[in-house]
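Everything on this sheet refers to the single structure shown next.
Readers should treat all values here as calculations from the given coordinates under stated rules, not as data from a laboratory. Small disclaimer: the values here were computed from a predicted structure and weren't measured. Every residue, glycine among them, receives a Cβ derived from its backbone with ideal geometry; neighbour counts consider all protein chains shown.
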Amino acid sequence: METNLHGKTVLITEAARNFGPETALAFAAEGANLILGTDGPEEELQSVVTQAHDRGAFAVIPVAWDVSDAAQVESIIRECSTTMGSPDVVINNASLPMSARSLEEISFEEWERKLRVEVTGTTVVCKAVLPAMIERQWGRIITYVGLPAFLGSNAPDSAAELGMVGLARGIARDYGKFNITANCIGPGGIESAEELGTLSFPPDDGDPIPRWGNQRELSFLAVCLASEDAGYVTGQCLLANGGKYFL
Amino acid sequence: MDTGLAGKTVLITGATRNHGRASAVAFAAEGANLLLCTRQSMDRLEETAQMASATGVRVLTQLCDVTDPAQVNDLVQTGNAEFGSVDVVVNNAGWRARGSLLDITADQWEAALAVNVHAPFIMCQAVIPGMKERRWGRIINYSGIAPFRGASGQGTLKRANEGLTRAIAKEYGRYNITANCIGPGSIDVERTAGQESGHETATELPHVPVPRHGTVQECSATVVFLASEQAAYVTGQTWLVNGGAYFL
C-alpha cells in the first residue's frame, strides 16, 4: 500500500508507553521522520528511537514534555520544526493513568489533572501544530481513545476519552477545508506490555473475535488514517476491538 | 401521565432563564419542590421561583458558583436540610467556548471547561451519596448539537460531559440512579451579549426536517420525562431534541 508518508514528519505525543512505541515503529517503516514525546525521562525513549532508525525512520527526535504546558509544547514543536519541518501527522496518545475507582473516591484535584493532561493537553498540541498544517494545506490528526468512551468506565476515563472524540469532530469540521483530517482510534482488548487496569478488556467467549488484538493491528489503522488516501475520512472514530462494541 | 415526581426535590443549576427556567416551571407542574441556583442574577432567579411556586410547590433559591466544590456542597446541604433529599439534578448551567480551536483563548477554554465539565462532576459527587442511600436518583446533564455536528470548544466539552454521564450510568445503575444527557439543537433562547451564535432566533430552518427552531418547553418536557419514574431503564443516553437536524 502506498501511504505517501515517506519524508513526512510524524509527532507521537507519548511514544514510551501504551501503544506509542509500536505506532512509532509503524510510521518508521513508512520512512517518516519522527518526533517522539514522553512525560517521563527522555532516556525511556532510547529503545524506540534505536528501533525506529533500524526500521527506516530518516530522523528521530525524542522529547520529554508535559503536554498540558502550552508554552513548553509550543517551544518544543517550534524547535523540532526547524530541523525536520513541522508535524504533518500527529498521534495524540498522552495519558495520565489512574486506577479505576468509584466517583465518590476521586478527588477533584485528580479529576482536574486527568482532564488537563488528556483533554486540554490534546487541544494544546493540536493548537500548536494546526497553523503550519493550514499553511501547507495538509494535516492528519489521530487520537487514541478507548473502549471506556463508549462502554462507560470510571468517570475520568470516560469524560476525557469522549471529550477527545468531541475535539476530533470539532477539528474535522473547522479545518477540513484545509485538507486536514481528524479522527480517533478506539482500541479495546489490545494486548499490551503495560498494566492498563480497566483499559484492558480481556477476550471473552461472547466477543465476535474472541482473542486479544495485537498492537500491529492498531498501528496499521493509524498509518492508514494518516495516509494520503484517507483524505476523505474525518471526524470518525474507528474501533479496533474485536467487535466488543459497535458504534 | 403520572411522572412520580410529586414531592420529589429537583435541583436545577442556572435557572435564571431559558432551559433552566423552563425546566423549573415544568417540574413545578409535576408537583416537585425546587432548589434553584445561579451564580449571578438572584433577581432573575427569584422571577423563576415566582413562576414555579404559582403551582403551590416549595421553591428555594440560592447563589452558588457551581465550579466551587464548597459552594455546591453547601447548596446540596440546603436541599437535604429543607426538603430531606435531593432526588433529581439538572446540571443546566453552561458557558460557551465559541469559535475554531485556534480562536479559543486559554482563559475561555478554562472557563468553559470549569462550567461544562467540572461543575457536573462536582455536583454529582455531592448528590450521589444521598441518592445511593435512598436508592433513587436522576441526573440530567446537557449536551447539545455541537458534539455531533463538530465544534472544537463546545463539542469537546459537551462530549466530555457525556462521558461523565455514561460513567455515572454505569457505576450507579444498580442503585436505581440514572444519568442521561439532553442534546438540544437550535432552540429559540435568550443569549448573553458576546455568547450569541447568530442563529438562535425564531426564523425558519429549511435544512432541518422539522424546519423551525425548537422551544425550551419542548426540551424541558424531555428533561421531565428523563427524571420520571417511568424513565428508570433509560440511562447513559443522550436524547437529541433537535428537529431531526442530526440523527444518532
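What Cys residues in chain A are without a partner cysteine, judged by a Cβ distance under 4.7 Å?
Singleton cysteines: A:C80, A:C126, A:C224.
Starting from the stretch A:152-247, pick out the chymotrypsin sites (Phe, Trp or Tyr not before Pro) whose DSSP state is loop and whose Cβ has at most 12 other Cβ atoms within 10 Å.
Those satisfying the criteria are A:Y232, A:F246.
Which value at 222 nm does chain B reach when only helices count, each DSSP H run of 4 or more adding -39,500 (n - 2.57), with the total divided by all residues and rounded to the nearest 500 deg cm²/dmol? The partial results should precede the final answer.
On the way: 8 runs with 100 residues, N = 248.
Calculated from helices alone, the mean residue ellipticity at 222 nm is -12500 deg cm²/dmol.
Consider just the alpha-carbon atoms of chain B and return their Rg together with their Dmax, both in angstrom.
16.9, 50
Quick one: which of A:K114/B:K170; A:K8/B:K170; A:K127/B:K132; A:K177/B:K158; A:K127/A:K244 span more than 31 angstrom between C-alpha atoms? Walk me through the intermediate numbers first.
Numbers: A:K114/B:K170 20 Å; A:K8/B:K170 42 Å; A:K127/B:K132 42 Å; A:K177/B:K158 24 Å; A:K127/A:K244 33 Å.
As for pairs spanning more than 31 Å Cα to Cα, those are A:K8/B:K170; A:K127/B:K132; A:K127/A:K244.
Quick one: among B:V115, B:V208, B:V76, which has the greatest mean-square fluctuation in a GNM of chain B with alpha-carbon springs under 10 angstrom?
B:V208
Give the cysteines in chain B for which no other Cys Cβ lies under 4.7 Å away, or write none if there are none.
Among the cysteines of chain B, those whose Cβ sits 4.7 Å or more from every other are B:C124, B:C181, B:C219.
Kindly give Rg over Rh for the stretch A:1-56, based on alpha-carbon atoms, with the Kirkwood expression for the hydrodynamic radius.
Working: Rg = 10.7 Å, Rh = 11.1 Å.
Ratio of gyration radius to Kirkwood radius: 0.96.
GluC sites (Glu not before Pro), restricted to the stretch A:162-245: which are DSSP loop and have at most 13 other Cβ atoms within 10 Å?
Filter output for the stretch A:162-245: A:E194, A:E195.
For chain A, take the longest principal axis of its alpha carbons; what is the angle in degrees between that and the long axis of helix A:46-55, to the nearest 10 within 0 to 90?
60 degrees
Using only alpha carbon pairs under 8 Å that are at least six residues apart, calculate the relative contact order of the stretch B:1-88 and give it in whole percent.
Numbers: 158 pairs, mean separation 27.5, N = 88.
For the stretch B:1-88, the relative contact order is 31 percent.
Angle between the Cα long axis of helix B:42-53 and the longest principal axis of chain B, 0 to 90 degrees, nearest 10?
Approximately 60 degrees, to the nearest 10.
What residue among A:Q236, A:Q46, A:Q215 shows peak mean-square fluctuation when chain A is described by a Gaussian network model with Cα springs under 10 Å?
Its mean-square fluctuation being the largest, the pick is A:Q46.
Return the sequence-ordered ³J(HN,Hα) values of the stretch A:165-175 in whole Hz as given by the Karplus equation 6.51 cos²θ - 1.76 cosθ + 1.60 applied to θ = phi - 60°, using x for Gly and Pro.
3J(HN,Hα) across the stretch A:165-175, in whole Hz: 5, x, 4, 4, 5, x, 5, 4, 5, 6, 10.
Name the residue farthest towards the positive end of the dipole of the stretch A:71-163 from the options A:S75, A:L96, A:G85, assuming +1 on Cβ of Lys and Arg, -1 on Cβ of Asp and Glu, about the Cα centre.
Checking the options against the dipole of the stretch A:71-163, the answer is A:G85.
Relative contact order (percent) for chain A, with alpha-carbon contacts under 8 angstrom and 6 or more residues of separation? Before the final figure, lay out the partial values.
Working: 511 pairs, mean separation 47.7, N = 247.
For chain A, the relative contact order is 19 percent.
Work out, in µm²/s and without decimals, the Stokes-Einstein translational diffusion coefficient of the stretch B:94-163 at 20 °C, 1.002 mPa s, Rh from Kirkwood over C-alpha pairs.
Details: Rh = 13.0 Å.
Taking Rh from Cα pairs, D becomes 165 µm²/s.
Express the relative contact order of chain B as a whole percentage, based on alpha carbon pairs under 8 Å and six or more residues apart in sequence. Intermediate values should be presented prior to the final figure.
On the way: 514 pairs, mean separation 47.7, N = 248.
That works out to 19 percent.
Relative to the longest principal axis of chain B, what angle (0 to 90°, nearest 10) does the C-alpha long axis of helix B:216-227 take?
50 degrees
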